[in-house]
Amino acid sequence: MNFDVYVNDAFAVCHRVHASVHAIITCVPSFAGVWIQKELDKLHQVKTEPVQPAVAIIGGAKIDTKIPMINSICPSVLTYAM
């Protein structure tokens, strides 16, 4: 290969099992990028230090994949929009 490490900064797709974000991590040392860390920090802040009032806007085609997340933020959010 022509590189030493892989840095993933694609938060929106980092959970997918695609060659560009999954298979490559079996080949070279891999790390989360700065933007992924910022996304995780903000998610942690929303969960642990919620600002009120808060509104959650949740999108996506598969509602069954959203239910665990909705349940986890229920105590922190006053209004939901789907």
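The values are calculated or read from the model by the stated rules, or taken from the named source; none is laboratory data. This structure is a prediction, so every number in the text was calculated from the model and none was measured. Cβ coordinates were reconstructed from backbone atoms using ideal geometry, including for glycine residues, and neighbour counts include every protein chain displayed.
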Condition set over 11 Å from the mean Cα position of the chain (by Cα) and among the charged types (D, E, K, R), scope the range 17-49, selection modelled with the lowest pLDDT: answer is Lys47
Please specify each residue of the range 14-33 satisfying the condition of being surrounded by 10 or more Cβ atoms within 10 Å (Cβ to Cβ) and in a helix (DSSP H, G or I).
Ala23, Ile24, Ile25
Return the residues of the range 6-21 that are more than 19 Å from Leu43 (Cα to Cα), of a type in the set (A, V, I, L, M, F, W, C) and in contact with a strand residue (DSSP E or B) (Cβ under 9 Å, 6 or more places away or on another chain); say none if nothing qualifies.
Val7, Val21
Just for the range 34-60: of the residues that are out of contact with any helix residue (DSSP H, G or I) (no Cβ under 9 Å at 6 or more places or on another chain) and closer than 15 Å to His15 by Cβ, which one is surrounded by the most Cβ atoms within 10 Å (Cβ to Cβ)?
Leu43
Kindly indicate whether any position in the range 36-56 is within 22 Å of Asn2 (Cβ to Cβ), in the same structural domain as Asn2 (by TED's automatic domain parsing), out of contact with any strand residue (DSSP E or B) (no Cβ under 8 Å at 6 or more places or on another chain) and in a helix (DSSP H, G or I).
no
